[in-house]
Structures are given as structure tokens and as C-alpha cells.
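The values are calculated or read from the model by the stated rules, or taken from the named source; none is laboratory data. Model, not experiment: these values are computed from the prediction. Note that each Cβ is placed from the backbone with ideal geometry, even for glycine, and that neighbours are counted across all protein chains shown. In case anyone asks, the SASA skips ligands and DNA or RNA and just uses the protein heavy atoms, side chains included. Shrake-Rupley method; radii C 1.70, N 1.55, O 1.52, S 1.80 Å.
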Amino acid sequence: MSSRGAQSWSQRAVLAAPYLWLVVFFLVPFAIVFKLSLSQTAVAQPPYVPLLDLGAGFAGLVDFLRGLGVETYVLLFSDTLYLHAYFKSLIVALVSTAILLLIGFPMAYGMARAPRRLQPLLVMLVVLPFWTSFLIRVYAWINILQRDGLLNSALLQLRIIDTPVAWLASDTAIFIGVVYSYLPFMVLPLYARLEQLDRSLLEAAADLGTPPWKTFWLVTVPLALPGVAAGVLLSFIPIVGEFVIPDLLGGSDSQMIGQVLWVEFFANKDWPVAAAIATVLLAVLVIPILLYERAQRRALEQR
Amino acid sequence: MLRGMSTFNVVAVAFGLAFLYLPILILVVYSFNHSQLVTVWGGWSLRWYRELLHDEAMLSSVWISLRVAALSATVATVLGTLAAAALTRFGRFRGRLLFSGMIYAPLVMPEVITGLALLLLFVALDADRGFWTVTIAHTTLTMCFVTIVVQSRLIGFDRSLEEAAWDLGCAPWKAFLVVTLPLIAPAVAAGWLLAFALSLDDLVIASFTSGPGATTLPLRIYSQVRLGVKPEINAICTILIAVVALATVALSLAAKRSALRGDPAAQG
């Protein structure tokens with residue numbers, strides 16, 4: 001297969017199936033989301049207007065375009081409920097990503113320094129929870145965090161607290177759930193990077209009399225940065241839109257944006273507002289997503 | 001044997017692993033609890049596993065989820081392997097940037113966005129929501145994961161074998177099928193298993209794209225969990241964890257064995 005840009009028919013055939021699939025089921029749906037965010041809610045099936053009537057020809061298209069408007073966006077930016085939810089989601093994602101880095105970096109570093117023959121086992125131990133159901137792992141924390149749950153009974157037994165603490169339905173529970181669920185996403189890219197780190201560089205620094213902590217800051221950390229970037233983006237982006245964790249572990253007083261979208265869609269049946277929320281969320285995340293894509297492309301496609 | 005590892009490193013790894021495994025361990029232990037109350041230990045018992053066997057709704061959800069996962073993982077593996085071949089072997093082609101963008105974006109895209117977008121597509125197409133729409137949605141999500149897994153394998157691959165086949169007059173597509181595919185088989189299998197596990201696990205996208213009669217297992221578990229913790233849920237979760245753990249261990253043992261046999265495909 002040539003790499004000179006000339007495409008043979010067999011190359012086109014190989015490419016066509018996944019390409020078309022992604023255009024139809026990934027790209028086109030986003031265009032529909034955007035179109036719907038410009039529509040209005042209606043008591044109808046489907047619950048929005050205007051509908052594009054292709055049978056009416058050009059006049060139908062004009063009618064359709066006249067019906068579009070930015071009302072949903074005006075609503076989104078005038079109601080503090082939505083702005084607050086966006087803000088809270090970004091804060092939760094930022095803080096949890098920082099905690100993930102604090103726990104994940106030492107862990108990945110320790111794994112990379114472990115004896116060679118132990119490393120595959122350690123990697124498997126980190127991957128295994130990632131393969132087990134996300135929902136189950138969040139559910140497991142309900143067992144632990146509820147009022148008469150195991151954390152409270154343990155703390156009461158140890159006489160650290162006198163009365164049960166309401167762990168569940170709080171922001172603390174959200175942070176615990178998020179950090180727990182996303183830890184493998186942070187550790188694995190960091191480990192992959194640290195594991196490739198040339199030990200002779202560290203030895204050279206030591207030979208030149210550099211103290212270990214300084215070597216860590218001047219050699220290890222800069223070389224690990226691509227791994228840090230991958231881990232941070234891989235956690236931060238999905239956490240902003242997280243739904244399951246805040247829904248099951250968080251309180252009802254303030255919601256993250258994923259929950260607001262869910263409620264607008266499933267409970268309020270306000271599809272245009274849900275679509276507008278998704279569009280703005282995507283706009284907020286487009287820069288991190290592009291950075292992630294570039295990092296991924298570099299990691300996988302450079303020769 | 002832990003030579004070269006400072007106390008700090010050992011503690012960091014041990015703490016991380018304990019954090020990852022303790023909640024799962026507690027869940028598994030409490031699935032064997034006889035007591036109705038999840039927090040009171042009432043002795044060992046298989047009571048909740050027996051009740052699970054009589055829960056028709058839960059069993060039918062398991063069956064639906066297994067079918068969706070098997071079908072979507074298989075289609076995703078075919079599409080994902082083709083995509084990986086294109087990205088690693090075709091060099092620059094027109095639309096490559098868009099293509100790789102569409103491959104990598106779903107990996108981090110918040111699920112609520114993907115789910116909503118797919119649902120609106122199905123509404124626009126006037127498709128009845130149910131088994132097929134969930135399967136298509138899962139295929140779209142998981143094929144990207146398969147691509148990444150197979151792609152990393154194809155990069156570390158000795159291309160001289162392929163080139164030797166071409167020199168001997170083998171057509172490129174035939175060389176791929178006869179030479180490359182058997183060598184990357186472990187990665188393709190790992191991709192399929194990952195796709196299967198992801199589909200079995202998905203709640204958010206299934207919530208948007210599923211319909212009446214296609215309540216997958218996570219949808220069923222979620223609706224029960226919202227009503228409170230039930231020991232029966234612990235039991236079904238334990239079974240799921242056991243199945244996934246066994247599959248993962250079996251796969252890695254198989255990969256290790258083929259590496260010992262000197263099979264170049266299993267060497268990274």
C-alpha cells in the first residue's frame with residue numbers, strides 16, 4: 001500500500017466503511033443537535049418546531065429557516081441555574097483532576113520503578129477496575145458512604161467521630177466517586193511515559209552530584225509532561241460532562257451540567273434547551289478536546 | 001526483591017491499589033450477606049444469588065445486554081480494525097484529519113452529548129428506539145477504542161513481513177489478511193473484549209438510545225439503585241466483576257503464553 005497520497009480502489013474500500021459510519025453516526029448527529037438548539041419547544045411529537053418539510057420544496061426550507069432562533073441561548077445565559085451548573089462542573093473537574101494527579105503520579109512513578117517482572121501484574125491490577133462496570137464501582141461507594149454505611153461505622157468504632165456524618169449526597173461524595181472512577185485514566189498514560197524514561201539520564205544526573213529531589217524536578221517531571229497532559233485531558237474532559245457520579249452520590253441542592261441536561265431532556269421534555277446545553281458544553285470543551293486529539297495523533301501516528 | 005523501590009514508591013502503589021480494590025471487595029463480601037439490611041452482617045449466605053435466579057426482569061436484561069454487547073463489539077472490531085489499518089498504513093490521504101478527529105473525539109466526549117446527539121439522529125430518521133438503536137450507538141462508541149488498541153499494535157509491528165509478502169506477488173489486501181491479521185490477532189481480540197465490556201457497562205448512551213423492550217442491564221440496575229441499595233444488586237454486580245476478571249486474566253495469560261512460544265505478535 002503506497003503512502004504517496006494516491007488512493008487505490010482497495011484503500012478506498014477499506015476506508016469507506018469506518019469513515020461513512022462515523023460521518024453518519026457521529027458527525028451528522030452533532031449537526032442535528034446544533035439545529036435543534038435553534039428550535040423552539042412545542043407540545044408535539046417530536047416536541048419541537050420548526051420541522052423541515054422536504055415535500056414543500058424551497059418554500060418549506062425558507063419557512064424552516066425563518067422558524068429558527070437563538071431564544072434557547074438567551075435563556076441559557078440569563079438563567080443563573082445553567083451558568084451555575086457549568087461553573088460547578090468546571091470546578092469539580094479541575095479540583096478532581098488535581099487530586100488525581102496528586103494520587104496518580106506517585107502511583108505511576110512507583111509502578112515504573114518496580115521490578116520489571118512485577119510491572120505487567122501491576123498494570124493489569126490498574127486496568128482491571130477500568131474493565132469492571134463504571135456503574136458498579138459508583139454503586140459500591142453508596143454502600144460505604146451512606147448514613148449507616150461502613151465508613152461511618154468504622155469511624156464510630158474507632159471513636160474518631162461521635163455522630164454519623166452525612167457523606168452521601170454531598171460534594172465530598174462526588175469528589176470521592178470521580179477520583180475513584182478516573183484513577184486508571186490518570187495512572188496508565190503516566191506509567192506508559194515514566195516506564196520509557198531512560199534511566200541513564202537519572203544516573204547521569206546523580207553522577208554529576210544532583211540531589212535526588214532536584215533530579216526529579218529537572219529530569220523526571222519535564223520528561224513525564226506528555227504523560228501528564230494525556231492523563232489530565234483524559235480525565236478532565238469527561239468529568240465536566242459527568243452524569244452518573246453526581247446523580248448517584250451528589251446532593252440535590254446544586255447540579256452539574258450533565259444532570260441539568262438530563263433533567264431538561266427526560267423530565268422537562270425540553271429538547272431544544274437540552275440541545276443548547278450540549279452545544280455550549282461542546283464549545284467549552286472544544287479546546288481541551290482538540291489538544292487531546294493532537295496529543296493522541298502525535299503518540300500514535302508519528303514514525 | 002523490591003530492590004530499587006523506595007519505601008515511598010511501595011506505599012504509593014499499595015495505597016493506590018487499596019483505594020481501587022477496597023470498595024469492590026466490600027461489595028463482593030456483602031453480596032454473600034444473609035441480612036436484608038446491607039449494612040448489618042447476618043452471616044454468609046447465597047440467598048441473594050437464589051433470588052436473582054427468580055428475577056425474570058433482571059435475567060431478561062442480562063440477555064439483552066449480552067446480545068447488544070456481542071453484536072456491537074463484533075461490528076466495532078471490524079470497523080475499528082479497518083480504521084486502524086487505514087491510519088497506520090495509508091500515509092496521508094484526503095480527509096485524514098477529519099477521520100482521525102472522528103476516531104479520537106468519542107474517547108473523551110462526555111457521554112450525555114454523544115447520547116443526546118445519537119438520539120436526535122434516530123428521531124430524525126424516524127427509527128423506533130430499541131435493540132438496534134442501542135447496538136448502533138454502542139458500535140459507534142466502542143469502534144474508536146478498538147482502533148486505538150489495534151493501532152498501537154500495528155505501529156510496533158515489523159513491516160518487513162508485509163513487504164516480503166508483497167515482493168512475492170501477494171496483493172496488499174491479501175497480505176493484510178494472511179500475514180498481518182494473524183500477527184495482530186491478540187490486539188484484535190483485546191479490542192473486541194474491551195468493546196464488549198464497554199457496551200455491557202454503558203448507562204448514559206443506552207438511556208438516550210434505548211426504548212421499551214430493550215432495557216439493558218445497566219438501565220435495570222440504575223433504576224433499582226435509585227430506589228436504594230439492595231443486596232440483590234450486590235449479587236449481580238459480583239457476578240459481573242467475576243466474569244470480567246476471569247476474561248481479563250485469561251486474555252493476558254494467553255498473550256503471555258504466545259509470547260513464550262516466540263510468537264512475534266505478542267511482543268510489544
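Quick notes on this structure:
- When the residues of the range A:69-84 are filtered to those that are within 14 Å of A:L281 (Cβ to Cβ) and either touching a Phe, Trp or Tyr at 6+ places or on another chain (Cβ under 8 Å) or free of Cβ contacts under 8 Å to residues at least 60 places away in the same chain (or both), the one that is surrounded by the fewest Cβ atoms within 10 Å (Cβ to Cβ) is A:F77.
- If you go through the range A:260-295 and keep only what is among the small types (G, A, S), in contact with a Pro (Cβ under 9 Å, 6 or more places away or on another chain) and either open to solvent by 30 Å² or more (accessible area, probe 1.4 Å) or within 16 Å of A:H84 (Cβ to Cβ) (or both), you end up with just A:A295.
- Selection over the range B:180-206 of residues that are within 9 Å of chain A (Cβ to nearest Cβ), touching an Asp or Glu at 6+ places or on another chain (Cβ under 9 Å) and part of a helix (DSSP H, G or I) gives a count of 1.
- Considering residues of the range B:50-73 that are open to solvent by 40 Å² or more (accessible area, probe 1.4 Å) and either touching an Asp or Glu at 6+ places or on another chain (Cβ under 6 Å) or of a type outside the set (A, V, I, L, M) (or both) only, the residue nearest to B:T133 (Cα to Cα): B:R67
- Enumeration of residues in the range A:264-273 that are free of Cβ contacts under 8 Å to residues at least 40 places away in the same chain and either more than 11 Å from every other protein chain (Cβ to nearest Cβ) or of a type in the set (F, W, Y) (or both): A:F265, A:F266, A:A267, A:N268
- Number of residues in the range B:141-173 that are more than 10 Å from every other protein chain (Cβ to nearest Cβ) and over 27 Å from B:L98 (Cα atoms) equals 10.
- Residue within the range B:233-252 that is facing chain A (nearest Cβ under 8 Å), more than 24 Å from B:V75 (Cβ to Cβ), in contact (Cβ under 8 Å) with a residue 40 or more places away in the chain and over 14 Å from the mean Cα position of the chain (by Cα) present: yes
- Candidates are the residues of the range A:239-258 that are under 16 Å from A:A93 (Cα atoms) and more than 9 Å from chain B (Cβ to nearest Cβ); the one that is most open to solvent (accessible area, probe 1.4 Å) is A:Q255.
- Residue within the range B:131-140 that is more than 10 Å from chain A (Cβ to nearest Cβ) and among the polar types (S, T, N, Q) present: yes
- Pairs meeting the criteria (first residue in the range A:21-36 and in a helix (DSSP H, G or I), second residue open to solvent by 30 Å² or more (accessible area, probe 1.4 Å) and modelled with pLDDT under 90, beta carbons under 7 Å, at least 6 apart or on different chains) are A:I32/B:A124.
- Scan the range B:193-217 for residues that are over 14 Å from the mean Cα position of the chain (by Cα) and closer than 18 Å to B:L118 by Cβ and the total you get is 12.
So that you can scan it fast, the table gives a plain yes or no per residue for (1) closer than 30 Å to A:R294 by Cβ; (2) among the hydroxyl-bearing types (S, T, Y); (3) at the interface with chain A (Cβ under 7 Å from one of its Cβ atoms):
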{"site": "B:Y30", "(1), (2), (3)": "no, yes, yes"}
{"site": "B:L59", "(1), (2), (3)": "no, no, no"}
{"site": "B:V62", "(1), (2), (3)": "no, no, no"}
{"site": "B:A69", "(1), (2), (3)": "no, no, no"}
{"site": "B:A85", "(1), (2), (3)": "yes, no, yes"}
{"site": "B:Y104", "(1), (2), (3)": "yes, yes, yes"}
{"site": "B:V112", "(1), (2), (3)": "yes, no, yes"}
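- Qualifying helices (runs of 4 or more DSSP H) (wholly inside the range A:208-303; at least 1 residues being modelled with pLDDT of 90 or more): A:221-240, A:244-249, A:257-262, A:271-301
- Of the residues A:S181, A:S96, A:S133, the single one that is free of Cβ contacts under 8 Å to residues at least 60 places away in the same chain and either under 25 Å from A:M256 (Cα atoms) or open to solvent by less than 50 Å² (accessible area, probe 1.4 Å) (or both) is A:S133.
- Selection of the range B:208-229 for residues being open to solvent by 10 Å² or more (accessible area, probe 1.4 Å), facing chain A (nearest Cβ under 8 Å) and either in contact (Cβ under 8 Å) with a residue 24 or more places away in the chain or touching a Cys at 6+ places or on another chain (Cβ under 7 Å) (or both) yields only B:V229.
- Flag for A:S235 being touching a residue at least 24 places away in the same chain (Cβ under 8 Å), within 23 Å of B:A105 (Cβ to Cβ), open to solvent by less than 30 Å² (accessible area, probe 1.4 Å) and of a type outside the set (A, V, I, L, M, F, W, C): yes
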